[in-house]
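Participant: My questions all concern the structure below.
The values are calculated or read from the model by the stated rules, or taken from the named source; none is laboratory data. Everything numeric in this text was worked out from a predicted model, so none of it was measured. With ideal geometry, Cβ positions are generated from the backbone for all residues, glycine too; neighbour counts draw on all protein chains shown.
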Amino acid sequence: MQRKIRMGMVGGGPGAFIGGVHRAAARLDGLIDVVCGAFSQDPAKSKAMAGELFLPESRCYANYEEMFKAEKALPAGERMDFVTIATPNVSHFAIAMQALDNGFHVLCEKPMTYTLDEALKLRQRVRETGLLFCLMHNYSAYPMVRQARLFCTGGELGTIRKIVAQYDLGWLAAPNAGKQALWRCDPRYSGACACIGDIGTHAAHLAEYITGLEITHVCADLATFVEGRKLDDDGSVLLRFNSGARGIIEACEVASGEENQFKIRVYGETGSIEWSQMEPENLIRRANDEPMRIYRRSWAGMDPSLNVWCRLPAGHPEGFIEGFANIYTDFARAIDAHRAGKDYTPSYPNEDDGVRGMAFIETVLKSHQNDQKWTPMAPC
């Protein structure tokens with residue numbers, strides 16, 4: 001790379017948990033600088049955030065419209081290269097479309113948009129502009145998740161028969177779960193689903209990513225346990241895949257006592273694998289005719305090609321931040337190649353993954369609302 005890639009940010013201001021994660025991860029490998037932002041709808045909060053990041057006041061903007069206009073007017077050697085969108089779901093589409101229209105690459109929090117129709121339009125705009133779009137599904141960038149994918153797609157487990165994904169949190173068990181819960185449980189900002197949109201999409205994406213299969217049909221049952229809440233806080237989804245494999249997604253945000261219990265198990269005809277987000281350095285492999293094996297990051301058995309996504313020797317834990325960082329570093333390299341007109345094959349989730357995520361949300365909701373046992377995935 002000839003220089004660092006310059007990042008702007010919309011959202012992620014004071015009190016926003018995920019904004020700090022994005023900024024820390026983006027800068028972890030030294031390839032990206034945060035150069036500007038419209039961090040909050042409250043100008044005072046936005047300026048406070050810019051001050052914490054030591055940004056000049058001239059690069060702290062009142063809104064994203066102002067930011068895109070001003071950054072575009074700067075010399076090529078100063079303006080941002082891409083924008084990170086870390087706002088409530090309802091605004092993803094408008095921000096991303098305007099960024100693309102002004103010539104900026106986009107990295108967006110999931111889910112991609114507010115509706116599937118928006119996602120389809122956004123994907124079309126990405127293709128028309130030739131710019132890059134990255135969707136932040138950070139779990140797909142953990143080294144041992146990528147090892148799991150190699151096992152599955154390389155035939156190490158034989159034909160895949162069943163995928164079981166479990167994602168349980170307890171943070172929404174109480175009616176007053178704090179500021180971060182307010183917009184996620186409000187259909188005006190979150191979209192058609194809360195639990196399924198927030199964590200169910202992670203499970204669906206990882207099920208497809210690890211196996212290389214695609215979900216074709218769902219049978220869903222959603223629930224809202226906290227009185228007065230307008231969106232789901234629990235969901236159970238049966239899955240059918242294009243290979244004939246079957247699956248289950250169990251997602252719950254009112255599982256009292258759970259922290260961030262995300263597990264996925266894949267069963268093939270000759271063996272199975274299991275990965276847990278709370279023990280991300282381990283990948284468990286089982287078979288009927290041999291002892292259980294535990295593969296460790298940066299240790300014997302891990303594919304050498306995955307070392308590029310590791311920073312520390314074995315035994316020095318890596319996890320959540322590093323997963324984000326792997327996607328940011330991959331995106332930075334893709335942007336650098338795009339600038340130079342060179343070929344680069346990225347591994348980060350893109351606009352196609354975003355469309356599939358929105359199709360999954362809308363199909364789950366449709367399935368829940370009707371009496372038909374199986375609901376085909378929405379066209380995407």
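Participant: Among the candidates D29, D33, single out the residue that is free of Cβ contacts under 8 Å to residues at least 60 places away in the same chain and either within 24 Å of A325 (Cβ to Cβ) or outside any loop (DSSP other than H, G, I, E, B) (or both).
Facilitator: Result: D33 is the single residue among D29, D33 that is free of Cβ contacts under 8 Å to residues at least 60 places away in the same chain and either within 24 Å of A325 (Cβ to Cβ) or outside any loop (DSSP other than H, G, I, E, B) (or both).
Residue-wise test of (1) in the same structural domain as I210 (by TED's automatic domain parsing); (2) in contact with a Leu (Cβ under 9 Å, 6 or more places away or on another chain); (3) among the charged types (D, E, K, R); (4) in a strand (DSSP E or B).
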| site | (1), (2), (3), (4) |
| --- | --- |
| L222 | yes, yes, no, yes |
| E227 | yes, no, yes, no |
| D232 | yes, yes, yes, no |
| R240 | yes, no, yes, yes |
| E250 | yes, no, yes, yes |
| A255 | yes, yes, no, no |
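Participant: Find the residue count for the range 322-362, including only residues that are under 14 Å from H205 (Cβ atoms) and polar (S, T, N, Q).
Facilitator: Result for the range 322-362: 2.
Participant: Let me ask you something else. Could you tell me which residue of the range 252-282 is nearest to the chain's Cα centre (by Cα), considering only residues that are more than 29 Å from F225 (Cα to Cα) and among the aliphatic types (A, V, I, L, M)?
Facilitator: Looking at residues that are more than 29 Å from F225 (Cα to Cα) and among the aliphatic types (A, V, I, L, M), I get V266.
Participant: Same structure again: Among the residues of the range 135-166 satisfying the criterion of being part of a strand (DSSP E or B) and in contact with a Leu (Cβ under 9 Å, 6 or more places away or on another chain), which is farthest from T224 (Cα to Cα)?
Facilitator: If we take residues in the range 135-166 being part of a strand (DSSP E or B) and in contact with a Leu (Cβ under 9 Å, 6 or more places away or on another chain), then I160 is farthest from T224 (Cα to Cα).
Participant: Next question, about the same structure. Find all pairs meeting these conditions: Cβ atoms under 6 angstrom apart; at least six residues apart or on different chains; first residue within the range 287-305 and within 14 Å of E274 (Cβ to Cβ); second residue modelled with pLDDT of 95 or more and aromatic (F, W, Y).
Facilitator: none
Participant: Which one of V164, V106 is among the aliphatic types (A, V, I, L, M), at pLDDT 95 or above and surrounded by fewer than 20 Cβ atoms within 10 Å (Cβ to Cβ)?
Facilitator: V164
Participant: Another question, if that's okay. Can you pull out the residues in the range 186-201 that are touching a Lys or Arg at 6+ places or on another chain (Cβ under 8 Å) and surrounded by fewer than 24 Cβ atoms within 10 Å (Cβ to Cβ)?
Facilitator: D186, P187, S190 - these are the residues of the range 186-201 that are touching a Lys or Arg at 6+ places or on another chain (Cβ under 8 Å) and surrounded by fewer than 24 Cβ atoms within 10 Å (Cβ to Cβ).
Participant: I need a count of the residues in the range 341-380 that are assigned to a helix (DSSP H, G or I) and free of Cβ contacts under 8 Å to residues at least 40 places away in the same chain.
Facilitator: 2
Participant: What's the number of the only condition in (1) modelled with pLDDT of 95 or more; (2) over 30 Å from D101 (Cα atoms) that A141 fails to meet?
Facilitator: (2)
Participant: Just wondering, is there one or more residues in the range 183-201 that are over 18 Å from the mean Cα position of the chain (by Cα), of a type in the set (A, V, I, L, M) and part of a helix (DSSP H, G or I)?
Facilitator: There is no residue in the range 183-201 that is over 18 Å from the mean Cα position of the chain (by Cα), of a type in the set (A, V, I, L, M) and part of a helix (DSSP H, G or I).
Participant: Identify the single condition in (1) in contact (Cβ under 8 Å) with a residue 60 or more places away in the chain; (2) touching a His at 6+ places or on another chain (Cβ under 9 Å) that R6 does not satisfy, given that it satisfies every other one.
Facilitator: (2)
Participant: In the list G77, G13, which residue meets the criterion of being crowded, with 21+ Cβ neighbours inside 10 Å, assigned by TED's automatic domain parsing to the domain that holds H105, at pLDDT below 95 and assigned to a loop (DSSP other than H, G, I, E, B)?
Facilitator: Result of the check over G77, G13: G13.
Participant: Which of (1) assigned to a loop (DSSP other than H, G, I, E, B); (2) in contact with a Lys or Arg (Cβ under 9 Å, 6 or more places away or on another chain); (3) under 27 Å from R123 (Cα atoms) does Q2 not meet, given it meets every other one?
Facilitator: Failing condition for Q2: (3).
Participant: Please go through the range 126-151 and pick out each residue that is assigned by TED's automatic domain parsing to the domain that holds A94 and among the charged types (D, E, K, R).
Facilitator: Within the range 126-151, R127, E128 meet the criteria.
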